[in-house]
Amino acid sequence: MKAVAMPTVSRVAVCGGTHGNELAGIYLVREMLKKRADGTEPVSVVTVMSNSRAAQLCVRYVETDLNRCFTRAALSAPVSETSPYEMIRSQELNALLGPKASAQAVDLLCDLHNTTANTGLCLITYSDHDWICLHICKHLKHMQFPYMLDICYAKAYLCPTSILFLSAMEIGPQPHGVVRSAIFSAMQEGVQLMMDWICQFNSGMLFEGGWVDVYTMVKNIDYPRDSETHVITAAVHPDLQDRDFCLLHPGDPMFLCFSGETLRYRGKEALYPFFINEGAYYEKGVALSLARKRRVQIPSWFVNVDEPK
Amino acid sequence: MSSRTNISCLQEAKRVAIFGGTHGNEMSGITLVNMWIQNSAEIERNGLVIKPFISNPRAVEKCTRYIDTDLNRAFTPENLSAPDVEGLPYEVQRAKEMNRMFGPKGSSDAYDAIFDLHNTTSNMGSTLILESSTDLFNLQMVHYIKKAMAPHTCSVLLNEHPQLKYSTTRSVAKHPIGLEVGPQPQGVLRSNVFESMRTILKHALDFIELFNSGVEFPPCTVDVFRVQERMDYPRDTNGNITAMVHPHLQDCDWEPLNRGDPMFLTFDGRTVLYEGANTVYPTFINEAAYYEKQQAFMTTCREILAANAIRKACK
């Protein structure tokens, strides 16, 4: 595969608190904001508390999920004082981080999240041609924390329209409203390694290409529900609970009904479950997501300072 | 030494309530109670009136701990005697209503036993919470439950601390029992946690049925953890936490914490050690709802409580 030259990554955004109760990112961003930039940093980092109002209240969102307010429609909709807070905020963030012409435009954005699911550390990207994200993923395998590293090709959320590359860093399991020191440390190390990669890249290092396992979302599975009341009638089966990224075969247990019955996976294809029992997804009708795994080849990667952005 | 005369004769326990959703995001109890409201077959017992009840329906609707104020702190004498005026916090209104339905607290008309179902983000496993070291009925019941659940461990937490004790929803009853099962994130239903809580309740109701039928329960002892102290996170002058529960303490509920053991890890990597003189047994370690209550964990000390034999009083 031919090596690819890319422009310098001059400006990076690290966002925490897109969901106000996902605490590792919130505390990490607060720590980063305490450190004053002195102009000698090799990479300019803008650190953002995305939804400070929700973070203040320690809730996922105040009126509507901020992480769903970055569609083209939402970003161009007219807003007023009476618009939902998060709709106003997404446009503010887009203006702060997005527009290409502005001096503030960022090249890469890392949005920090936690999940109640046992995902380990995941990078989420919306394109399997997001070579930077895939290279960073490869680089993060140096982490001392025993977290599995996977990339899901999921719908783009915090996605200001003109950022070149972006990803979310999702770490679980952590209950919402709690900060666990091991999770915080893993996120801190993950962000640091990402910065190290960017600095090495900018200084001219060639990153060898190779292969990365990528999990691509296929579908969501909802809980079994009562047909009249819509109330859930089962919990994720104990054999599936906490087994994110472990292959689920046709016939494997999926749900344990309150009545005692086991419901099994009826799909024809063995798939990889993830976001198993994420607390915020009950209201979205998602008990777990299923993904296909494939190996993606990434090219060698190096900086060319003359490369236009 | 117990003699034939050391049998406490106690009143029959005819009216029992099971509360779920005292906190609207603690899902095991909410799910169990809703299930039993639809179909009560599983909780029916001879001679017992058992009422499953959702304590805080508005909080349950929003999947949040409370609307205006914590219902599980709202059953104070001041609140319960507050006049019915507009503008009362929702949970104070609710406390007054529940006191009318299941109390009045402290009176002979109050429900005999109330089980209040809770979950925690702490790694407490199955825990039974008592408010009195001298309630023989409750002591015998938890002894029965612990034996029935074995080898699954049931810890018993006793909160009789004059300052740290609080006015719980269940305190309306003559015999209040808290069920606390974790770890489970708020807003999440884990199958194993759900089934543990369900089994604990099954044994509790079996005990009451047996007691009411005239069975005598011999003298027993119960290992308990008695609440000592609340330990807060280190905080800055703005009240923000500056450290997290140390990885060596995280998830180590009920395990001994000795002087010099790591307790907190600051965000910039410094370890804060426990400086207490005596070994303590921490619990409620890193409970999400307690950040705002200035509590990183609670310390307890181990104690063995003795209970007389009990038997239903003859009419």
Report summary line: Within region B:185-216, residues among the polar types (S, T, N, Q) and under 17 Å from the mean Cα position of the chain (by Cα) come out as B:GLN186, B:SER196, B:THR199
Query raised in the report: Could you count how many residues in region B:232-283 are among the basic types (Lys, Arg) and either part of a strand (DSSP E or B) or in contact with a helix residue (DSSP H, G or I) (Cβ under 8 Å, 6 or more places away or on another chain) (or both)?
Result: 1
Report task. Among the residues of region B:263-289, count how many are within 14 Å of another protein chain (Cβ to nearest Cβ) and out of contact with any Gly (no Cβ under 7 Å at 6 or more places or on another chain). Result -> 15
Query raised in the report: Do we find a residue being surrounded by fewer than 12 Cβ atoms within 10 Å (Cβ to Cβ), more than 21 Å from A:THR119 (Cβ to Cβ), within 11 Å of chain B (Cβ to nearest Cβ) and without any contact (Cβ under 8 Å) to a residue 12 or more places away in the chain anywhere in region A:218-226?
Result: yes
Query raised in the report: Quick one: is B:VAL227 within 14 Å of another protein chain (Cβ to nearest Cβ) and crowded, with 16+ Cβ neighbours inside 10 Å?
Result: no
Requested in this report: State yes or no: is A:LEU33 at pLDDT below 95, more than 14 Å from chain B (Cβ to nearest Cβ) and either out of contact with any Ser or Thr (no Cβ under 7 Å at 6 or more places or on another chain) or under 30 Å from B:ASP236 (Cα atoms) (or both)?
Outcome: no
Requested in this report: For region A:6-27, name all the residues that are in contact with a strand residue (DSSP E or B) (Cβ under 6 Å, 6 or more places away or on another chain) and among the aliphatic types (A, V, I, L, M).
Outcome: A:VAL9, A:VAL12, A:ALA13, A:VAL14, A:ALA24, A:ILE26
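Table: residues versus (1) farther than 18 Å from B:ILE285 by Cβ; (2) touching a Leu at 6+ places or on another chain (Cβ under 6 Å); (3) among the hydroxyl-bearing types (Ser, Thr, Tyr).
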site	(1), (2), (3)
B:SER155	no, no, yes
B:ASN159	no, no, no
B:GLN163	yes, no, no
B:ARG170	yes, no, no
B:GLY178	no, no, no
B:PRO185	no, no, no
B:VAL188	yes, no, no
B:LEU201	yes, no, no
B:GLY214	yes, no, no
Query raised in the report: Is region A:277-292 home to any residue that is within 30 Å of A:HIS176 (Cα to Cα), surrounded by 14 or more Cβ atoms within 10 Å (Cβ to Cβ), out of contact with any Pro (no Cβ under 7 Å at 6 or more places or on another chain) and basic (Lys, Arg)?
Result: yes
Query raised in the report: Only one residue in B:SER126, B:SER108, B:SER132 is in contact (Cβ under 8 Å) with a residue 60 or more places away in the chain and not β-branched (Val, Ile, Thr). Which one?
Result: B:SER126
Report summary line: Of (1) under 25 Å from B:GLY182 (Cβ atoms); (2) surrounded by fewer than 15 Cβ atoms within 10 Å (Cβ to Cβ), B:ARG100 fails just (1)
Query - Failed item in (1) away from every other protein chain (no Cβ under 14 Å); (2) more than 30 Å from B:CYS220 (Cβ to Cβ), with B:LYS105 passing the rest - result: (2)
Report summary line: The condition from (1) surrounded by fewer than 20 Cβ atoms within 10 Å (Cβ to Cβ); (2) out of contact with any Pro (no Cβ under 8 Å at 6 or more places or on another chain) that A:PHE274 misses is numbered (1)
Query raised in the report: So which strands (runs of 3 or more DSSP E) are wholly in region A:229-271 and hold at least 1 residues that are under 30 Å from B:GLU42 (Cα atoms), among the aromatic types (Phe, Trp, Tyr) and under 29 Å from the mean Cα position of the chain (by Cα)?
Result: A:253-257
Requested in this report: Write out, first by first residue and then by second, each pair whose Cβ atoms fall under 6 Å of each other, whose residues are 6+ apart or on separate chains, and whose first residue, in region B:192-221, is assigned by TED's automatic domain parsing to the domain that holds B:ILE177 and closer than 27 Å to B:ASN34 by Cβ while the second is surrounded by fewer than 17 Cβ atoms within 10 Å (Cβ to Cβ) and among the hydrophobic types (A, V, I, L, M, F, W, C).
Outcome: B:HIS203/B:ALA148
Query raised in the report: Looking at (1) within 14 Å of chain A (Cβ to nearest Cβ); (2) within 30 Å of B:PHE211 (Cβ to Cβ), can you tell me which one B:ASN25 breaks?
Result: (2)
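The values are calculated or read from the model by the stated rules, or taken from the named source; none is laboratory data. Predicted model only: the values in this text are computed from it and were never measured. Positions of Cβ are generated from backbone atoms using ideal geometry, with glycine treated the same way; all protein chains shown enter the neighbour counts.
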